Amino acid sequence: MEIQARYEAWLSDPLIDAVTKEELRQLDGQTAELADRFIGWLEFGTGGMRGKIGAGTNRINVYTVRLATQALAIILQEKGLAERGVAIAYDSRRMSREFAHAAAEVFVGNGIPVYVFGTIAPTPILSFAVRYHGTGAGLVITASHNPPEYNGYKAYNAQGVQMLPHEAVEISEKMSTLSLADVKIAEQAQASPLWHDLGEETTQAYFEALLKLVPPIEPGDISVLYTPLHGTGGQYVPEILRRAGFRHVLTVDEQMQPNGSFPTVALPNPEEKGAFALAMQKAQEQPCDLILATDPDADRVGIAVRHEGDWHLLNGNQVGVLLAEFILSRMTDESRRGGVVVKTIVTTEMIQPIAEKYGVEVVNTLTGFKYIGHLIDELPKEGKHFIFGFEESYGYLAGEIVRDKDAVLASLLVAQMAAFYKNQGRTLVQQLRKLMDEYGYYQESLRSYSFSGTTEAQRAREFIAQLRREPLREIAGEKVVIVRDYGTRIEYDLVAGAQRPIDLPEEDVLQWVTEQGSRVTLRPSGTEPKMKLYLGVRGRSLADSQERLAALEKAFDQLVQNGLGNK
């Protein structure tokens, strides 16, 4: 169907409400905007659905939400999971509550019980609720740390894990067979006996489970400043810190109020230094030791550490190894036996020597915390158990309470860790340097390449295909010894001239490992004209590692420019 025909079909469809139709009429004649809104249906992929809020088939709105929900409802019925119901949460973004209720109305319309949070809630508590209430699936309306104009739809399986690729494909394929006329919507769904409100009981159970998980640490006089960046963490992080005995917890009051416009930040992403600007300003007025910032759905946390009079932002790799070492060092030999730390293939290798010291295994997964969450239930089948999981993009999880990254738990662990080392006379910056002195000077960086226009995007595809055909033998003077092609699931040993299978699902990723242990990983986007490059080195000293990392960055930048024909 042509774009204009889709547009006119929505204008004439009796199932589309008057407000939506008026929004569309205002766009009459705006060819580019209409093409973007009606180029196709918003896709349900491995990360669920995510898109700009607005009218149209390629936007997130009550109609695309209902269509995805109808598909999920049918699948739950086919798998015999419908009677267990669906847990539903939503964040502080614009239209999140409306989309959550729209989904709940469809589930009820299909005779499926729903367990709906009465107010905004973090993503990790949704994963907890699926397991705590034994539901057949879960749903959270969030676009994580995307700009304000976005929202999203993340579905979880009965284990509390975000839908795995094969599960996402099922929903996507089912969606493609449905029209809006196929969607079943319950009138006055909240009055139905199938609608259950979630609130205090679930929240209290979550808090109690977290407190049982963490080690008892004397907080001492450490002072923590927290900001939820206008998101869901405001009612959770300060409370869990208080319950754990922290007496000096400050908040950035201007950012405590949930607000989907995120008025005080350019982007509500704790990976960005700008997200800490207001907190650091407040810290000048009220000195503190540690700043914690969680993203809108409180599954990621960023931290800033006061050290020698300045603020130091620690990245996801650094916080991950600090937490892992802190947790492992406080466990008994017996509790560590059979233990596993899980990380993604683009996350720091510094965890490897740490794990070896404590006698635990490191397992790599593809990028995406769903793979880490999935392994938690798979490891016991091999006589192993999950201890800690992390990814470079500021996601952390300890224990087996939830199956997704959890910034509420991570905030508590980071605060406990900072208090523990402060009691020993060290900041987290000093502790990180201590770990580097012991385990090696690891440094990582992330580069992103965007392609403008179809010509450059095509050159990028050809460039990546060439890298597959002709493996790199050298990068910045370092000899390449291992090439991993996750797309073909084959590892090539260039020294031995051998190849081995990669025991992971297929993903369009290339990785090179050098003789010096450096790693370069290239991830092309499957949906956008861009690719990400992850680099990691281990040096003899901090200066050496920084120098080698800069050389790798420069060399690959030139390689990409040459590959795109921008010599």
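The values are calculated or read from the model by the stated rules, or taken from the named source; none is laboratory data. Source: prediction; values computed, not measured. Glycine also receives a Cβ, built like all others from the backbone with ideal geometry; neighbour counts cover every protein chain displayed.
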Quick count over the range 420-464, residues being farther than 30 Å from residue 324 by Cα and of a type in the set (Val, Ile, Thr), is 3
In the range 315-341, residues that are crowded, with 19+ Cβ neighbours inside 10 Å and over 15 Å from the mean Cα position of the chain (by Cα) total 13
Checking 437, 377 in turn, the sole residue that is of a type in the set (Asp, Glu) and either over 29 Å from residue 517 (Cα atoms) or surrounded by 20 or more Cβ atoms within 10 Å (Cβ to Cβ) (or both) turns out to be 377
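Suppose we filter 388, 420 for residues that are in a strand (DSSP E or B) and among the aromatic types (Phe, Trp, Tyr); which single one remains?
388
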Scanning the range 116-157 for residues that are more than 16 Å from the chain's Cα centre (by Cα) and among the β-branched types (Val, Ile, Thr) gives 116, 119, 120, 130, 135
Flagged in the range 373-405 as over 14 Å from residue 157 (Cα atoms) and in contact with a Ser or Thr (Cβ under 6 Å, 6 or more places away or on another chain), in numbering order, are 391, 392
> Is it the case that residue 93 is in a loop (DSSP other than H, G, I, E, B) and closer than 28 Å to residue 295 by Cβ?
Replying inline: yes
Condition check for residue 255: free of Cβ contacts under 8 Å to residues at least 60 places away in the same chain, touching a Ser or Thr at 6+ places or on another chain (Cβ under 6 Å) and polar (S, T, N, Q): yes
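Filter the range 76-88 for residues that are surrounded by 20 or more Cβ atoms within 10 Å (Cβ to Cβ) and not in a loop (DSSP other than H, G, I, E, B); which is farthest from the chain's Cα centre (by Cα)?
My answer is 82.
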Among the residues of the range 49-68, the number that are under 22 Å from the mean Cα position of the chain (by Cα) and either of a type in the set (Val, Ile, Thr) or surrounded by 24 or more Cβ atoms within 10 Å (Cβ to Cβ) (or both) is 5
Residues in the range 324-340 that are aromatic (Phe, Trp, Tyr) and either outside the structural domain of residue 418 (by TED's automatic domain parsing) or over 12 Å from residue 355 (Cα atoms) (or both) total 0
Checked the range 96-125 for anything part of a loop (DSSP other than H, G, I, E, B) and surrounded by 24 or more Cβ atoms within 10 Å (Cβ to Cβ); matches are 112, 120, 121, 122
Within the range 323-374, of all residues that are in contact with a Gly (Cβ under 9 Å, 6 or more places away or on another chain) and charged (D, E, K, R), the one farthest from residue 518 (Cα to Cα) is 333
Restricted to the range 162-220 and to residues being among the basic types (Lys, Arg) and over 30 Å from residue 422 (Cβ atoms), the residue surrounded by the most Cβ atoms within 10 Å (Cβ to Cβ) is 174
Within the range 206-261, the residues that are of a type in the set (Phe, Trp, Tyr) and either in contact with a Lys or Arg (Cβ under 7 Å, 6 or more places away or on another chain) or assigned to a strand (DSSP E or B) (or both) are 207, 226
Reported set for the range 463-490 where residues are loosely packed, with under 13 Cβ neighbours inside 10 Å and touching a residue at least 60 places away in the same chain (Cβ under 8 Å) is 466, 477
Selection from the range 460-495 of residues outside any loop (DSSP other than H, G, I, E, B) and either among the aliphatic types (A, V, I, L, M) or touching a His at 6+ places or on another chain (Cβ under 9 Å) (or both) yields 460, 464, 465, 467, 475, 480, 481, 482, 483, 490
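Taking the options 414, 429, name whichever one is assigned by TED's automatic domain parsing to the domain that holds residue 319 and touching a His at 6+ places or on another chain (Cβ under 7 Å).
429
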